[in-house]
Each structure stands twice: as structure tokens, then as C-alpha cells.
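*Asks:* The structure is given below, and queries will be raised subsequently.
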Protein chains: 4
Amino acid sequence: MSDATLTLTVSCPDRVGIVARVASFIAGHRGWITEANHHSDASTQRFFMRNVIRSESLPFGSDALRERFAEIAEEFAMDWNVSDSAVPKRVLILVSKADHCLVDLLHRWRSGDLPCTVVGVVSNHEDLRAYTEWHGVPFHHVPVTQTNKAWAFDTLCEIHERAGADVMVLARYMQILSPEVCRRYPGRILNIHHAFLPSFAGASPYQQAFDRGVKLIGATCHYVTEQLDQGPIIEQDVIRIDHSDAVADLVHYGKDIERQVLSRGLRYHLEDRVLQNGHRTVVFR
Amino acid sequence: MSDATLTLTVSCPDRVGIVARVASFIAGHRGWITEANHHSDASTQRFFMRNVIRSESLPFGSDALRERFAEIAEEFAMDWNVSDSAVPKRVLILVSKADHCLVDLLHRWRSGDLPCTVVGVVSNHEDLRAYTEWHGVPFHHVPVTQTNKAWAFDTLCEIHERAGADVMVLARYMQILSPEVCRRYPGRILNIHHAFLPSFAGASPYQQAFDRGVKLIGATCHYVTEQLDQGPIIEQDVIRIDHSDAVADLVHYGKDIERQVLSRGLRYHLEDRVLQNGHRTVVFR
Amino acid sequence: MSDATLTLTVSCPDRVGIVARVASFIAGHRGWITEANHHSDASTQRFFMRNVIRSESLPFGSDALRERFAEIAEEFAMDWNVSDSAVPKRVLILVSKADHCLVDLLHRWRSGDLPCTVVGVVSNHEDLRAYTEWHGVPFHHVPVTQTNKAWAFDTLCEIHERAGADVMVLARYMQILSPEVCRRYPGRILNIHHAFLPSFAGASPYQQAFDRGVKLIGATCHYVTEQLDQGPIIEQDVIRIDHSDAVADLVHYGKDIERQVLSRGLRYHLEDRVLQNGHRTVVFR
Amino acid sequence: MSDATLTLTVSCPDRVGIVARVASFIAGHRGWITEANHHSDASTQRFFMRNVIRSESLPFGSDALRERFAEIAEEFAMDWNVSDSAVPKRVLILVSKADHCLVDLLHRWRSGDLPCTVVGVVSNHEDLRAYTEWHGVPFHHVPVTQTNKAWAFDTLCEIHERAGADVMVLARYMQILSPEVCRRYPGRILNIHHAFLPSFAGASPYQQAFDRGVKLIGATCHYVTEQLDQGPIIEQDVIRIDHSDAVADLVHYGKDIERQVLSRGLRYHLEDRVLQNGHRTVVFR
């Protein structure tokens, strides 16, 4: 028996009868639900739902499911999506010189822990080419200078399109994407910020954390928007430090929390667990 | 508008159409679902569900809901329950001399953080009478000796029945309940064990933990069964210790984790978030 | 044998030979060191030390120790202090209406888990009088209005002085102390802020946290200075929340983390584990 | 200025004057102490100390330090050691097929986060050869069968000796070392066990954890002794799971906690932070 699943996610104005309608639709086609999550948001009065259906239990595929569901979606004014585990999302990873997030993502992908296809790595430096290519993943060197930014970001988008990428992951990429790129892929670019946002946005967050004398440092995985480090937060975590830790120690220990938070946030995204709710996110874990 | 809710919990053999049937039933009566959780357990092939429904949205009360739902329940061979937030569960607390869990539970109850009615405190010592009575809660001294156990546990059950208690909470009660008591209230007696079970069951868990040299100590809230410290686990947590901590320090720091784990486990039980799945539990948080 | 100890804390410019000099001084008087912590701070080039000495091992008391140590202290330009566990610090607690921190502190004090004497509770409301007085602790109602602040804070200081208090603890006290009070007791006023500073300083931190969509909320225990929520941080911690938590839930769950962080921070202060290092702290745990 | 340091670790019967004697010795040679930790163990009445001294501050090297310190060591009946950060410990890693710990250790070593030299990888399978060799590390395939164990473990020891290894790290090596190997390298073989010991020793700990219905799973890094999974514990940690996690999920999530606990435990060992105290450990973090 195949493990393949179809995942239906829905967000719409809250009212009575949504679950009944959707569940009856699925049951009407003998769909076997293996996971279901609901959330009624009191502050926005919106309803969020995620259903994972065993593909084999349905008499048709994802396209037919989309076609048949469209009517319900319209009736309830839904934002909705159907994704097929047999068609994993395609991921483009952006890095600079730091390799800890890249090593982690490539390992999780290779060992099947991240349900995706890594279609390429883009970097403004050459340092991580050999490691990337050992994994059989194309490596693209796109240098970014003060004067070539328009070209560089165009090239980036071109690589993204040509590779058929669904998601762009900034895995400690040390350049700020242009507003154009941010607008082009809304809700499809993930970043890892090396601080517990909203504390210490911007540059040198570990130095900022050290100067303020905090007792925990953190990392934040968020969607990228035009406002630097202000996008909707997907996942965060922290670790304890103390007075004996210098800035270099924070950088060092921070790597652990950065890679964990990024890989969790990315996994939630790849598994369609993240639904945007205005500036906040619903994360069905 | 009232915040009162009815909570419907269900456990039954898994099959297609359960959610559709239950959700349609609720929606058919215009029931407004504020929280819903599902779980399909692959290992036991059972399905678990919890629905919280706004009382005001239904045209009838909890008794009518039970009456009308009975047919569906029978069709799907459900273990099921409806509870009404307007009728909070009645809790009897058992203590010995240690007061940290009692202080915590009484405070959470008084400040409305634990949805229950504390109907009494039973102790085999007199020490905690004044504190209990200051809160307006009846205190029952039931001494337990080598020779009076049958009488003592009969008295305990009598107090429980007379107070109309639904739940018995062993808040660091240092006596082992008789098998008769355990069998009388299955799934209705909660205990806090001061170790991360299954490590260090039985007496002096902190001494055992110290001797083994573990780097974390924990606490476990579980249902009481006839097998000492073997009942289904509801909640657990741990804290870090190190070589500088003597047994007395473990006892000291352990209090914090004990009261947190107990209050969380009890809250899950009071809010009908815990469903037994054989020897394990489903906890819809 | 008595458990009494003398604690010597020292902070001075770093150089070779400090430990040798201090340890030789203590050993020269047959002092038995039960705990010792050192820290050399590279960024400020200062050295920090804490030695706990068994009182009975010394041929003299705390006054004589101070007298004899003064020479070394001068030689190394030390900020230093000797405190005697037989003379516990005297604590004045400030509260408003929320009782969770007060209940926790009084319980820890009564059960011997916090080495201090609680000399009084001051509040701008009457709500917590009965609970405080049940513990045999004097309760002072000092109302604060738009127009009586000068009088109110004078009265507060008067109560502090008359009670011979060493430490003032703001246990969810909802008034901002005047600059005069802050300056009068530098490093002797502790506050619990219900957010993970520097995020969400100021009013309504839980609402701010909700609006930003963070995935963890926290609390911060810090020394009070004239700059609101900017004082040196002693202790912090966080707990995980998710999209299903409304602001009221954050307030609710936050109580747990507030009382833990406050009681830990206060214990560190009472045990002379906290040494100020400019705007940061050294906390010898 | 060089960052090189000498680390002096000491364990001896506790008495007055040890710190004074050692600190005076170091200061007498103008040694600059950058880190110092002490612990007096009340249960064994032993004293433990770790001093990190800047190499450049001493007028001589590690050999001369050892020579001169020997007299003090004898006087106080010390177990002691001096190690030189300029001579990093040599590590031999043992693996089977699972690569998550190996990937993590090689990455930390390459990026300078683990102060050691990885001198080789030994495996009873060929799977991880290419990845290991890409890092320029020799890979040794030593198959283990029911009948060749004596030969296999002899070969292992031979590789260890020839490589001049100081530490053997079982990074999810799925064979049980013979008692001879265990006895040959006491306190020099580290293992990662994929459970929170003493719970779930032996085989299939995740299945055991699932069957018992625990709410947290963990990992334990410990020294290997002849008693399987009973050696002194260096480091442990846990992560939260819930009813929705199948055994495969525990295996999956467990990888994260395994690699973290192993790398922390190994780092503590490499930095001479771990001192054995009978069956327990002192870990100066």
C-alpha cells in the first residue's frame, strides 16, 4: 500500500457547518483522513483547516479533487490548496559562507527527513560549491556587489524559475533581497534570523544580545516580506547562555538553534502546516 | 454572550466517515464548534475525537445532546462522553505533609485557572488543615496506620461519595491506595510521581536519581491503577540538574516540576482532553 | 554542626594572582570553602569571584572577616561584600491585584526555599491583605493616584526603611516607581517583567506578543533603574505558545513563567549569586 | 597573542587549602587563569577542580608544568591531568549505517567547533565510506559477524592504536563492544544511547518508549563500561512527543536529540570538563 497523501488546506470566514461540509465531501468519495486540524481564530473570525487524505482511498487524483472541491471553496469563500505528497515541493537554497544550515538541510533531505526536492544552491561566494556538488545538487555562484544588485537578483529569479522551484530558503544568506524579489514570491521565501525576533532585528544580533545581557538567545524562521525581519513568524526557539559566554560563543551555540529552527520551519511549510492569518501564522503541528 | 461549552469526546474503531457523521450531526443542530481535535491511531486502529461546542449555539442542553447523539454512538461502537462547562468537575485532593502541590492547586482553582470545584482535602496528617480551611475548603483528617488501612480507605471512599467528587488527585499523598480503591475509580484518580517514569518507580526517586547520576530529573502525572506507578501517563516534564546538586537540592528543585506537571495533567483531565488508548493516552492539547 | 556560611563576593580589575591571594587568605584562617565560582570577563577586563565559607571553620565571625579582608580588597581595588547566612536578607514585596507571584513567594519563604525574611507587603490595592496577613506578614495599603505619587513613594520608602528591608521586590506591581526611589536603592530593587526583554517593553506585553505572532512568550527578572524595563537582566525564561492561544491564554500561561523567573532571580540575589558587570550581570548558578 | 591554553584537572580527598595551594603554585609562575571551576562533593568527600591557564603566561610548557606540579599532586593524593590545547585529542568514530551523528560530528570538527583531530572512522558496513572520505578522513571497514568478533575487536583496537587515538566515539555503532575493549580504554569510550537512561536500556528504546506511552523521549551520552548502558552519564536531554507520533516519528525526531547530546558530551570530554566521581560524573560546563 502506498503512503501517498493529498493535503487539503483551507482558510475562510468562520461560520457553522464548514467541517460538516468538507468532511462529508471527503467521506462521500470514501476519502480516508489520516490527519485533521482545525482552528477558529476569534480575533480575525477566520477558520483554518488542514486535512490529510490517503491518496489510494480516493477514486481520483489531485486534479479531480481540486475540480470537485472548487464549488465548496467558492460557496465558503475559501483560500485553499491541494498538494500531493507524490509531487514534493522543489526547494532552492540560498547561502553565503556559513555552512551549518546548508549541511543540515542537505543531510535531512538526503535521509528523507525533509519531504522535498532540492533543486539547487545559490551563493554569493564559491566556498560551498564542493560540498553542494558532492550531493549532486547544482551550485550557482551569483556574486552580489554594490553595483550589480539588479542583475544579481534578476539572475536569482531566473535560476528559481528555470529550476521550477516552489520555495526559496535563505539559509544564512547575508544579502537583503530586493523588494521586487520579495513581492514576486509572497509566502514562498523562508529566512532564518539569528535572534529571537522582534528582539535584535537587523545586523549583528549576537553582538546586540551580548550587549543587552540577555540570558537566552534564539532564532526565528519567518516568511520574507519587504519589511526586513518583519515577516510572519513560522517557528522560534531559544537556548540558555550565561555570563561566561563571549560573542563568539553565542555565534557558536547559536548555530545549533538556527539549524533546528530553520529545518522545523521549512518542514512545516513543506508539509502544508503553515497558513497565513494576516501578519501571523497558524502552524498545525 | 455566555462562554459555556459542551465537550463531546469520542473513541471508536477507525473507519471512513466518522468526522462527516459527527460534524453533520452538530452542524444539523447549528452547533458552533470552537475547538476540534482528531487522532487516528495506527497501532490500535482506533479513532479519537474531541469537539467543543458553544452551548448557546445549540437549541437544547447537554441531556438532549446525549439523547440525540446516542444513536450515532451506537452505530460506530463509540466510547463517548458529553460534559458541560457549566457543571465543573468536582475534585477531592489527597495530601500528606508536603504542601507545594496543594498550595499550587488551591491557588489555580481560586484564580479560575483550573475549571473545577474543589470539594475537599483529605490528609493522613493534620498539618495542612489551617491553610486548606482558610480557602473555605473542608479538611478531613484520615490517619493511616499499619492496622487501620481497610477502615481508612473505606472512609476515604465515603468522603469521596458524600462530596459527589468526580476526580481524586493524589497531590504528593504518601500512602499507596488499596487495589479496591484503584478499581473503584478507573481513570478518575490522578497521581503525581516525582520521577520521569518509567525510571525510578517506587520509593525515594530523588535518591535513586542522584545515585544513578542522571543529568535531568522529572515528574510524571498518571492515572492510578493497581500496579504501582504503572498507570497511563498523562503528562511529564524534566529540569536540568548537575553535579553540584545534592539529594536535598533535587527534592527542592523537583517541587517546581511536580506542581507544574500535576496542574497541567489535572487541567487536561478537567477539560476532557485525555482519552485512554489502552495503556497509553491521547492528550488533545 | 551548623550549616551557616559566610559568602564573600568580589569584583575587581583582572590580573594574575587574585585567586591565589584570596584563597590563601581564607586557607590561612582554616576557612572551609564549600562553593567557589570565578569569572574573568574579557570584554570589561574585570574579574568576579564568589566564595562560600563554612562559618564554623573560621576562628571569627563576619565582622572580623570583613576587617581582615579589607586590606586585600584595597590592594586589588575590589568591590566586595561579605554576607552571613545567619542574617538572612529582609525582603519587602510590592504587589497590585495579581496574586500569583505573591502566593509563590510567600510559599517558598514559608517552606524555607527562599533564604530571606519577608518583612512586609505593600500594595496600591486592598485585595491581597487577607492572604498576606494569614501568613503573619504586615500588609501596607499605599494607594497611588495621579496626584499623590510624591506622597505614595515617600511612604513606600519610609515603610522600607522602618522595616529594615534590604531588597524591594516588584511582584507584578503595576505602578512605575519614581526616579528618586530607583536611585535610592540601586541594585536592590527587583522587578518581574512579563515579556522576554528587550522585546515588548512597556505596557501590555502579552497583547504586543500576540499581535506580533511570536511562538514563545517569556518573562524577565531585572534590577530596576530609572530607564523603564532597561535595567540589568538577572534571569529569563520562555514557554511555547501557538496559534490557538488568545491573549487571555498568554496571560494565563504567562503566570507560570513569571513566578518561576521571579523566584529564581530573587533566590540568586538573596544568595549573593548576582554581581553587576556594567549593564550586564554575572550570575553564579 | 596565541589562544593556546593548558588545562589542569584535579580530583582528590577534600580538605582545607587545596585551592590556595594550587592557585598559589600557578600564580607563583605568573600563570593567567582564564577559567576555574571547583566542586566539593559532600557524598564522596572528594574535591574536583579544573583550571584553564593561558599557555603564553607561563615561562614553560606542559611537560615542565607536569613535572613541577607532581609534588603538590602527591601531597594531596590527587588524580590529575594536564592537557594542552595545542595538542588536540585524537578521535576515532565508530558507526554502522545511520549517518546523522557522523554528519554532525564531521561538520563540527571541520568548522572548528569540536577541538579535536578526527583520525578515522570505523564501520561494520560500507555505506558511509564516500561521505567520510570526502572529508579526507580514513575509513576502515571492519565487518562484525557472529563468528568473527574476536578478530573484529582486535582489529578495531589495532586501528585505534595505530592512529594514536585518545577517544573512541560510538556514534550509533550497533555492535556491543567486548568486555576486553571496554576494559582497555576506561573513561575513553563514549556512547550515545537513544533513550533517557536508565529508562529503556538495551535494544529498541524508541519502541519501548512508544509502548510505555511516555510524553518525552531522550538521549544519553555516557562512558562505556562492561555493563551495557550502565556507564557514568555525561549528558542527557529530552524532547516532547505526543500521541500522534508513531515509532517511526520517535526514531526521526530522536535523531536531533541524539546528535546534540553526543556532540555536547564529546565536547565536554575533549575540553577536559568531565571528571569521574565513582559511578557519577562532575561536568564543569
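*Asks:* Scan the range B:8-47 for residues that are touching a residue at least 60 places away in the same chain (Cβ under 8 Å) and open to solvent by 40 Å² or more (accessible area, probe 1.4 Å) and jot them down.
*Replies:* Start the filter on the range B:8-47 by keeping residues that are touching a residue at least 60 places away in the same chain (Cβ under 8 Å), which leaves B:8-13, B:15, B:37, B:39, B:41, B:44, B:46.
Once the filter is applied, which keeps residues that are touching a residue at least 60 places away in the same chain (Cβ under 8 Å) and open to solvent by 40 Å² or more (accessible area, probe 1.4 Å), the range B:8-47 yields B:PRO13, B:ARG15, B:THR44, B:ARG46.
*Asks:* Here's a follow-up. So which residues in the range C:227-240 are at pLDDT below 95 and either farther than 19 Å from A:ASP211 by Cα or open to solvent by 20 Å² or more (accessible area, probe 1.4 Å) (or both), if there are any at all?
*Replies:* Once the filter is applied, which keeps residues that are at pLDDT below 95 and either farther than 19 Å from A:ASP211 by Cα or open to solvent by 20 Å² or more (accessible area, probe 1.4 Å) (or both), the range C:227-240 yields C:GLN227, C:LEU228, C:GLN230.
*Asks:* Given the options C:GLU56, C:GLU67, name the one that is over 20 Å from C:ASP3 (Cβ atoms), in a helix (DSSP H, G or I) and open to solvent by 30 Å² or more (accessible area, probe 1.4 Å).
*Replies:* C:GLU67
*Asks:* Still on this structure: Hey, A:ALA73 hits all of (1) more than 9 Å from chain B (Cβ to nearest Cβ); (2) over 23 Å from the mean Cα position of the chain (by Cα); (3) under 29 Å from B:ASP41 (Cβ atoms); (4) surrounded by 13 or more Cβ atoms within 10 Å (Cβ to Cβ) but one; which does it fall short on?
*Replies:* (3)
*Asks:* Pairs only if they're at least six apart or on different chains, beta carbon under 9 angstrom, first in the range C:222-239 and on the phi > 0 side of the Ramachandran plot, second part of a loop (DSSP other than H, G, I, E, B) and open to solvent by less than 10 Å² (accessible area, probe 1.4 Å); list them, first residue then second.
*Replies:* Taking only residues 6 or more apart or on different chains, the pairs are C:ASP229/C:ALA195; C:ASP229/C:LEU197.
*Asks:* Right, another one. Of the conditions (1) closer than 30 Å to C:ARG285 by Cα; (2) open to solvent by 10 Å² or more (accessible area, probe 1.4 Å), A:HIS269 clears all except one; give me its number.
*Replies:* Of the numbered conditions (1) closer than 30 Å to C:ARG285 by Cα; (2) open to solvent by 10 Å² or more (accessible area, probe 1.4 Å), the odd one out for A:HIS269 is (1).
*Asks:* Something else now. Would a scan of the range B:77-87 turn up a residue that is farther than 30 Å from B:CYS157 by Cα and either more than 24 Å from the chain's Cα centre (by Cα) or touching a residue at least 12 places away in the same chain (Cβ under 8 Å) (or both)?
*Replies:* yes
*Asks:* Checking C:TYR223 against (1) of a type in the set (Ser, Thr, Tyr); (2) in contact with a helix residue (DSSP H, G or I) (Cβ under 8 Å, 6 or more places away or on another chain); (3) crowded, with 20+ Cβ neighbours inside 10 Å, which single condition isn't satisfied?
*Replies:* The failed condition is (2).
*Asks:* Does C:LYS89 count as over 15 Å from D:ALA36 (Cα atoms), more than 13 Å from chain D (Cβ to nearest Cβ) and loosely packed, with under 15 Cβ neighbours inside 10 Å?
*Replies:* no
*Asks:* Out of everything in the range C:76-86 that is out of contact with any helix residue (DSSP H, G or I) (no Cβ under 8 Å at 6 or more places or on another chain) and open to solvent by less than 80 Å² (accessible area, probe 1.4 Å), what residue ends up being farthest from C:HIS135 (Cα to Cα)?
*Replies:* For the range C:76-86, the residue satisfying everything is C:ALA77.
*Asks:* Hey, can you tell me all the residues within the range A:1-30 that are more than 7 Å from chain B (Cβ to nearest Cβ) and assigned to a loop (DSSP other than H, G, I, E, B)?
*Replies:* Once the filter is applied, which keeps residues that are more than 7 Å from chain B (Cβ to nearest Cβ) and assigned to a loop (DSSP other than H, G, I, E, B), the range A:1-30 yields A:MET1, A:SER2, A:ASP3, A:ALA4, A:ASP14, A:ARG15, A:HIS29.
*Asks:* Turning to a different aspect of this structure: Looking for something closer than 21 Å to B:HIS269 by Cα, among the hydrophobic types (A, V, I, L, M, F, W, C) and in a helix (DSSP H, G or I) - is there at least one such residue anywhere in the range B:76-84?
*Replies:* no
*Asks:* Additional query: Kindly indicate the residue of the range D:208-220 that is farther than 16 Å from D:GLU258 by Cα and out of contact with any Lys or Arg (no Cβ under 6 Å at 6 or more places or on another chain) and also most open to solvent (accessible area, probe 1.4 Å) among those meeting that condition.
*Replies:* Result: D:ASP211.
*Asks:* Kindly list the number of the only condition in (1) in a strand (DSSP E or B); (2) open to solvent by 10 Å² or more (accessible area, probe 1.4 Å) that fails for A:ALA201.
*Replies:* In the conditions (1) in a strand (DSSP E or B); (2) open to solvent by 10 Å² or more (accessible area, probe 1.4 Å), A:ALA201 misses (1) alone.
*Asks:* Which residue, of B:ALA163, B:ALA150, is in contact with a Leu (Cβ under 8 Å, 6 or more places away or on another chain), of a type in the set (A, V, I, L, M, F, W, C) and away from chain C (no Cβ under 12 Å)?
*Replies:* B:ALA163
*Asks:* Oh, and also: For the range C:244-259, how many residues meet the condition of being open to solvent by 30 Å² or more (accessible area, probe 1.4 Å) and not hydrophobic (A, V, I, L, M, F, W, C)?
*Replies:* The qualifying residues number 6.
*Asks:* Sticking with this structure for a sec: I want to confirm something. Restricting to the range D:31-51 and keeping residues that are under 16 Å from C:GLY17 (Cβ atoms) and hydrophobic (A, V, I, L, M, F, W, C), which single residue is nearest to the chain's Cα centre (by Cα)? So that I can check it myself, show each step before the final result.
*Replies:* Looking only at the range D:31-51, we keep the residues that are under 16 Å from C:GLY17 (Cβ atoms), and these are D:31-34, D:36, D:51.
Checking the rest, the ones that are also hydrophobic (A, V, I, L, M, F, W, C) come to D:32-33, D:36.
Details: D:TRP32: 27, D:ILE33: 24, D:ALA36: 20 Å.
So the residue we want is D:ALA36.
*Asks:* Same structure, new question: May I ask you to list the residues in the range A:21-56 that are at pLDDT below 95 and out of contact with any strand residue (DSSP E or B) (no Cβ under 8 Å at 6 or more places or on another chain)?
*Replies:* A:ALA42, A:SER43
The values are calculated or read from the model by the stated rules, or taken from the named source; none is laboratory data. Remember, it's a predicted structure, so these values are computed and weren't measured experimentally. Note that each Cβ is placed from the backbone with ideal geometry, even for glycine, and that neighbours are counted across all protein chains shown. Keep in mind that these areas ignore ligands, DNA and RNA; they rest on the heavy atoms of the full protein, side chains included. Shrake-Rupley method; radii C 1.70, N 1.55, O 1.52, S 1.80 Å.
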